[in-house]
Protein chains: 2
Amino acid sequence: MATRISAGGTTYDVRRAARADVPAIVALLAADQIGASRDGGADLAPYERAFAAIDADPAQVLAVVTAPAGGAVVATLQLTVIPGLARRGSLRGQIEAVRVHEDLRGHGLGEALMTWAIDEARRRGCTLIQLTSDKRREDARRFYERLGFTASHEGFKLRVD
Amino acid sequence: MATRISAGGTTYDVRRAARADVPAIVALLAADQIGASRDGGADLAPYERAFAAIDADPAQVLAVVTAPAGGAVVATLQLTVIPGLARRGSLRGQIEAVRVHEDLRGHGLGEALMTWAIDEARRRGCTLIQLTSDKRREDARRFYERLGFTASHEGFKLRVD
């Protein structure tokens, strides 16, 4: 299902992640300032187990963006389609783990990937797209508002590990 | 999988919703001040289709709380277990559509139901529980903070219907 997106005059491929992409996705998660302490390291086994669960679940789309030269993974996000009774039994699309390689930020690649994900969620029948963003990510609010999102909700988290 | 929860000196049953509970759950959604315009009405068909999708998906737990006398549905919530690569491939439990009948608010029933849901998510291996709450729900913040949640994130929504 590879499609093309454009940002900063460059064309990238977006496709469903394959198992071989797991190390590159983990590197993007580990490079993130807020998530750095939570991810990375040499042991890929828990990530490969999680990838298998994601890949087997038709409600999940783990997407990667690859660079035109060499095909390196430069961005990722996960879309989850959630059925519910509210809003007349509508589907909601939830986006998690949006990451863009730091060398490619500020050129519209994140925006192009999000636009792709919104279209993909709509194509799957979602009528609402939702995501949460850590309040410490100061640029994120403007980024999501530019895409049409409204910060109408509080995002509550509870760690239970 | 009925279990018991206690609130205000009364014992209630919590169980997985059955198709016959759909009208009662829709009534709770429609009675909600913010959701009132979005839900309710005589046409249950879209809700029954959504219920079938939820019920067939092992990642979903649509729960109802029933009153001891008569077994009326007095509260509901939906738990979704989402696999992901972040946090070393951990599962997150997401809670949506938390509703308690207005006659039973203020007696700890919502808190007892949420505690049940957190335990259920932990039992299924989740290490993080998350939910969003409309910023117009002024009491919700205190409610979730009492349960241990932190409002660390902005909750962004985008309607695409």
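Quick note: the coordinates plus some simple rules give every number you see, no bench work behind them. Quick caveat: nothing in here was measured; it's all calculated off a predicted structure. Heads up, the Cβs are rebuilt from the backbone with ideal geometry, glycines too, and the neighbour counts pull from every protein chain shown.
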Using a 10 angstrom cutoff on alpha carbons, build the Gaussian network for chain A and name the most mobile of A:16, A:141, A:99. A:141
Note: B:140-151 gets an average of partner chain Cβ contacts (10 Å, Cβ to Cβ) equal to 3
Do the sum for the protein assembly as shown: with -39,500 (n - 2.57) for every DSSP H run of n ≥ 4, divided by all residues, what is the mean residue ellipticity at 222 nm, to the nearest 500 deg cm²/dmol? -9000 deg cm²/dmol
Could you quote the convex hull projected area for segment A:74-133, Cα atoms only and averaged over all directions, in nm²? 4.2 nm²
If you count, for each residue, the other Cβ atoms within 10 Å and average over each peptide, how do A:59-71, A:85-97, B:54-66 line up from highest to lowest? A:85-97, B:54-66, A:59-71
Taking Rh as the Kirkwood radius, which is the inverse of the mean 1/r over Cα pairs, what is the Rg/Rh value for segment B:1-143? 0.95
Shielding by partners, peptide B:121-127 (average Cβ within 10 angstrom, other chains): 2
Let me see the P(r) profile for segment B:60-161: every Cα-Cα distance counted, bins of 5 Å, each bin given as a percent of all pairs. 2, 11, 20, 23, 20, 13, 7, 2, 1, 0
Point-to-point label distance, residue A:34-residue B:52, nm (Cα→Cβ direction, 7 Å offset): 4.0 nm
For the protein assembly as shown, with only Lys/Arg (+1) and Asp/Glu (-1) charged at the beta-carbon, what is the dipole magnitude about the Cα centre, in debye rounded to 20? 100 debye
Answer rounded, prolate or oblate for segment B:1-68, using the Cα gyration tensor with square roots of eigenvalues a ≥ b ≥ c: rounded when a/c is under 1.5, else prolate when a/b is larger than b/c, else oblate. oblate
Could you please rank B:6, A:37, placing first whichever residue has the fewest other Cβ atoms within 10 Å of its Cβ? A:37, B:6
What does the structure give for A:39-45 when I average, per residue, the other chain Cβ atoms found within 10 Å of the residue Cβ? 2
GNM of chain B, Cα pairs under 10 angstrom: of B:75, B:121, B:140, the biggest fluctuation goes to B:140
Across 10 Å bins from 0, what is the distribution of all Cα-Cα pair distances for the protein assembly as shown, in whole percents? 5, 26, 35, 22, 10, 2, 0
